[in-house]
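Colleague: A single structure is presented below for examination.
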Amino acid sequence: MEFYTKVWDDVLQDIRERVGPLRFNLWFKNTRLESFDDNCVNIVVPNVFTQVWLQENFSNILRDGIGKLVDSKDLNIRFSILNNGKGEQVLPVGDAPLEKKTDGNGNKSVLSLNRHLKLEDFVVGPNNRMAYTASLEIIKDTYPAFNPLFIHGPVGVGKTHILQGVWNRIREEKNINSIYMPAEKWTNEFIYSLQKGKMEAFRQKFRNVDLFLIDDVHFLSNKQGVQEEFLHTFNALYEMSKRIIFASDAHPKMIGQIKETLASRFMSGMIVKIDKPDYATRLLILRSKAANFDVHFPEEVLEFIAERFDDNVREVESALTTLSAHAKFNEKNIDIQLAGDALGEFFLSEGKIVKINEIEATILSYFNISRNELHSNKKIKSVSFPRQICMYLIKTLLNWSYQQIGNYFASKKHSTVMFAIKKVKEQIDSDKQFKMFIDTLIEKIKKEKK
């Protein structure tokens, strides 16, 4: 391994000089050479996003650098991904078996869930009442009036809480075979089974359940072979009258690059949208979560937070945790003054409004492209993807309308901007490493402002 490390260091040094420190740190820093033999080279990368980006944008640079080590005209570059990003196990792309755990009764589950997500703890309001009621209907002892149930809505509004709450209740109260998992995990297990010749076992596992709960089904977008198998799984369960609940960030018709037959199956039952909670519901959520802390949150402080958190409910718990820590570390009681000081970074004040040129400058610097390229109609990945990220950041940080953003980018259509922003959001939701990258960009933009 020391030999490979030394060899790879030499290759990386050459690449760093060619691409510059910014792009090097972003795409190459956390890679390593696992092995090379004849014309096959195996490179370890932290996640699928990095693998795809290297393949599509730096393949020639990699071949040039590695070509100095391997004398081959047909160099085959293979990527492996660190399991969970922790590095204790290296898996070839797609080889991602899930860890199977058992509960106290010896029943197998496909992954470890948050046991604290209970249906009885779900705060019901006008924005989510229909989704909550429908989820109770589909797990009644009598066969439900509809099947499947498809829940959709923006990030952080409680879709996962409902699905895992249903799964936890079923496990506790009923002796039926049920499976909950995100679509990404289902996809990984399918690919692993396909590569290992274990498809019969895979199909037996998923086509013989009584309750099938799949989260983040928008992850299936642009995965034709996976969608085909998922469709067969759905059909098998539906024909046997098994109960099915899906959750997605988008309505079936708004999930891009998905088979029409699969979208039709998603829409064959009941479709329910969860909207962002109103002020009253946000306040109820805050009260519910505040009760789990060992410090006192005055009502006026909860109202103060509820007024300001009107987007992602997941941030609420982070705000309460931050405020609680400030109170303990500074030995102070929680009040409005402390809340304002501790949570200042959560709110973008008028004195620190981000400007469009600051967002654009950050994108140009990180991706090493020119402003003319960013505003061009080029569709190559190395230009189109930074452009999509830029559009997403403008929408997120400046809240420009889709039309305003389109006009800024050479009069691009409203629908083009919507698609670009939706695509980035989906990547954020499905790839934790990519989310960290976007958070890093936002942090850099805000620091530049300061």
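Colleague: What do you get when you divide the Cα radius of gyration of the range 401-450 by 2.2 N^0.38 Å, with N the number of residues? Don't jump to the answer; show the numbers that get you there.
Modeller: Numbers: Rg = 13.2 Å, N = 50, 2.2 N^0.38 = 9.7 Å.
Rounded to two decimals, the normalised Rg is 1.35.
Colleague: OK, next. Can you flag which of Lys422/Lys446; Lys381/Lys432; Lys196/Lys381; Lys185/Lys435; Lys253/Lys395; Lys159/Lys185 are past 25 Å Cα-Cα?
Modeller: Details: Lys422/Lys446 23 Å; Lys381/Lys432 21 Å; Lys196/Lys381 32 Å; Lys185/Lys435 18 Å; Lys253/Lys395 22 Å; Lys159/Lys185 17 Å.
Check vs 25 Å cut-off fails for Lys196/Lys381.
Colleague: Identify the trypsin sites (Lys or Arg not before Pro) of the range 154-192 meeting these criteria: DSSP loop state and at most 13 other C-beta atoms within 10 Å of the C-beta. Working shown, then result.
Modeller: Numbers: sites: Lys159, Arg169, Arg171, Lys174, Lys185; in loops: Lys174.
Within the range 154-192, the qualifying trypsin sites (Lys or Arg not before Pro) (loop, at most 13 other Cβ atoms within 10 Å) are Lys174.
Colleague: Let me ask another. With each label point set 7 Å from Cα along the Cα-Cβ vector, what nm distance links Ser376 and Lys198?
Modeller: Those two pseudo-labels are separated by 4.7 nm.
A short reminder: the numbers here are calculations on the coordinates, not readings from a lab. Computed from a predicted model, the values in this text were never measured in an experiment. Positions of Cβ are generated from backbone atoms using ideal geometry, with glycine treated the same way; all protein chains shown enter the neighbour counts.
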